[in-house]
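Accompanying notes for the structure given below.
Each value in this text was obtained by applying a stated rule to the coordinates, not by laboratory testing. Bear in mind that the values here come from a model prediction, so they are computed numbers and not experimental data. Counting neighbours? That spans all protein chains shown, and the Cβs are built from the backbone with ideal geometry, glycine included.
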Amino acid sequence: MATNPQARVLELLKRFNHGQKVCIESLENDTMWYGKSEKTIRRDLDVIKEYFPDSFELIRGGKGEKGCYKAITKDVFNNFMDKDTIALMVQTFNIAQRNNVLEGIDISEADKKIIEAKIKKSKECYEFITKPYESKKNDVALLKDIERAINWKRYTTLTYKVGDEYKEYIVKPYKIVFMNENFYLACENTSEEFLFTIFRLSNIEKINLHTKTFHTNPDIESFIKQMQTPFAKYTPNFRLHLIDVVVEIDSSKAKFFKAKKFLPSQNTIEQKDDGSLVISFKVTQDMEVEELIKKWLPFMKVITPLSLKQKIEDDLKLYLGV
């Protein structure tokens, strides 16, 4: 059956409007496109894209399918906004303290009001004690600039607050990282003396994207994924320089370490007959576990390394004045 381009485009629009998946391979066997080339089918899709650029998106098809597309319809939107997603949005945006959470989302004002009402209702179930991210008027613009710098791999100049002063750093931004209830920007430095630094987002006053781009270092990318604390220290080929810290947990507190990993690298080595635990951590430097150890004194004792054990003992003597 011969069909004209207008009829084919209208048929595609109808299918998108009904939320149907449209695949190039399936259309080649469809009555309306039978005998048409892949190039012709893509041209029909391009007509829609030209007039409605945000009407449909490329999606992952099933096995053997290529070039599958689907519209973002009301049904998709409604299914997205389930109770679990709402709860996650409440937590995420309360962490970031971004009151204008829907700014920049391309949906109607009516839909925004529906979402705002759902989030407001859900927020009544939560109480966020800590407020890690100090909200400022330029938060959204700053975060968008940081995201652009990361996505486009652009050298960036940060204006950063250090004490009462502002300093500038030229960096290669990699990731926004959330640790210890704070957001940080993880960067490769242009200085050979300091190869890697994390900057607290709340102290970044402004950023300036350069036109020059950079290539990421796979070792640093891997390091960022395995960071456990803001005190992580990067060294090239960092895995070869990790330190094993072994501690013993008193039986009275062992249940807490069985129930939770206080660092991702926490590993139980032994459970003794008296109920105490011997556990290990892999860290980049002693500073990463010092705070944790001091927090659990006298119920946590350092076994190795001996240098860390001595450091904790010296700090205690200094504190006690002995």
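Summary table
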read-out	value
Full-extension gain in nm, residue 40 to residue 179, via 0.36 nm per residue minus C-alpha separation	45.0 nm
Local electrostatic count at residue 238 - Lys and Arg +1, Asp and Glu -1, tallied over other residues with Cβ under 11 Å	+2
Cα→Cβ-extended label distance, 7 Å offset, between residue 191 and residue 121, nm	5.3
Part-to-part distance (alpha-carbon centres) for the range 186-253 and the range 140-173, which is given in Å	16
Per principal axis, descending, Cα span of the range 257-322 in whole Å	35, 29, 19
For the range 242-320, size of Cβ-based charge dipole, Lys and Arg +1, Asp and Glu -1, in debye	300
Placed amide H near residue 205: partners under 5 Å, 5+ positions off or other chain	159, 160, 161
Trypsin sites (Lys or Arg not before Pro) restricted to DSSP loop in the range 256-322 with at most 11 other C-beta within 10 Å	260
Selection of GluC sites (Glu not before Pro), the range 146-185, meeting DSSP coil and at most 15 other Cβ within 10 Å	181
Test item: Cα-centred dipole of the range 201-279, Lys/Arg +1 and Asp/Glu -1 on Cβ, debye	360
Dipole magnitude of the range 145-301, debye to nearest 20 (Cβ charges: Lys/Arg +1, Asp/Glu -1, about Cα centre)	480
Full-extension gain in nm, residue 311 to residue 147, via 0.36 nm per residue minus C-alpha separation	55.0 nm
Förster radius 45 Å - calculated FRET efficiency between residue 320 and residue 26 (Cβ-Cβ, nearest 0.05)	0.05
